[in-house]
Amino acid sequence: MKWLRYLFGFSSHSHAKKAGAPELAERREKEPYPPLPEIDPATAPSQGFAQPHFRFFPGAYEFGEDGEAVFKRHNGPCHCCGMRDIYAYQKRPYWIRRDEPVICAQCIADGRLGILLDNGDNYSMHDCQIEGVSDDNPDIEEIEQRTPGFATYNPFDWASIDGEPMAFMGYGDEEKWKYLGEASAAMCEKYGGQDAYPSPYFLLFKELDGNRYRATLDLD
Ligand SMILES: [Zn+2]
């Protein structure tokens, strides 16, 4: 079932929301996005397969099966930093580009992807709403632009608790939740008090500095 989730960020809905407006589409007609840099792999410096930590998606490197891996080891080079020996991102950001730049984990963590866009263009790694968090909370920017995405069926709610966004921990049909009462309780709560595990339609989130879980729904 899980492999049915969308693997690539390709939503015009999202572009309209993030990049804002028909004016942008109009401008695009005349002025295409910047071409990808040509990088000679022979002279590109090695990054040594850097694995920066993502607070809001701590399992990003181990995550994914059935073709849903978020990162894969790759010779590169990354179109953003020009380095080889990278963990290459397997999805696409939600942005104006229609081609497939090679993007490394370090460039996502550093928030450098804007290099591949014109000034003023915006991007997000997720097609989500972060509910219950103040608009000026800097974690929103970290989630939207410096946290890798994962395959989902549809736009989804990113969970929060006490006004703070939570970390994405996985889908609701993973074996590990069987042994974690907090996670199955969160799914049960979201499902109106009925036992809901296992189900691929739940996204599980955990608070950053604690063990409380929340579940949101990502229906097919
Ligand atoms: Zn890079």
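Nothing in this text is a laboratory measurement; each read-out follows from the coordinates by a stated rule. Not measured: the values here are computed from a predicted model. Cβ atoms come from the backbone with ideal geometry, glycine included; neighbour counts cover every protein chain shown.
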Report summary line: With label points set 7 Å from each Cα along the Cα-to-Cβ direction at residue 43 and residue 195, the distance between them in nm comes to 6.4 nm
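Counting other C-beta atoms within 10 Å, which of 118, 162, 135 has the fewest, and how do the rest follow? Don't jump to the answer; show the numbers that get you there.
Details: 118 14, 162 10, 135 6.
Listing 118, 162, 135 from fewest to most nearby Cβ atoms yields 135, 162, 118.
Restricting to DSSP loop positions (anything but H, G, I, E, B) with no more than 14 other Cβ atoms inside 10 Å of their own Cβ, which GluC sites (Glu not before Pro) remain in the stretch 34-115?
Within the stretch 34-115, the qualifying GluC sites (Glu not before Pro) (loop, at most 14 other Cβ atoms within 10 Å) are 38, 62, 65.
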Query raised in the report: Which trypsin sites (Lys or Arg not before Pro) in the stretch 93-142 pass both tests, a DSSP loop state and at most 10 other beta-carbon atoms within 10 Å?
Result: 98
Query raised in the report: How many angstrom separate the Cα center of the stretch 141-166 from the Cα center of the stretch 104-119?
Result: 18 Å
Query raised in the report: Points 7 angstrom from Cα along the Cβ direction at residue 164 and residue 142: gap in nanometres?
Result: 1.0 nm
Query raised in the report: Which whole-number percentage describes the relative contact order of the stretch 38-87, with Cα contacts under 8 Å and a sequence gap of 6 or more?
Result: 47 percent
Query raised in the report: Taking Cα pairs under 8 Å and at least six residues apart, what relative contact order does the stretch 63-109 come out at, in percent?
Result: 33 percent
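Run the numbers for residue 131 and residue 153: contour at 0.36 nm per residue of separation, minus the present Cα-Cα distance, in nm. Walk me through the numbers before you get to the answer.
Numbers: separation 22, 0.36 × 22 = 7.92 nm, distance 1.86 nm.
Result: 6.1 nm gained on full extension.
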Query raised in the report: Over what distance in Å are the Cα centres of the stretch 199-220 and the stretch 54-78 separated?
Result: 19 Å
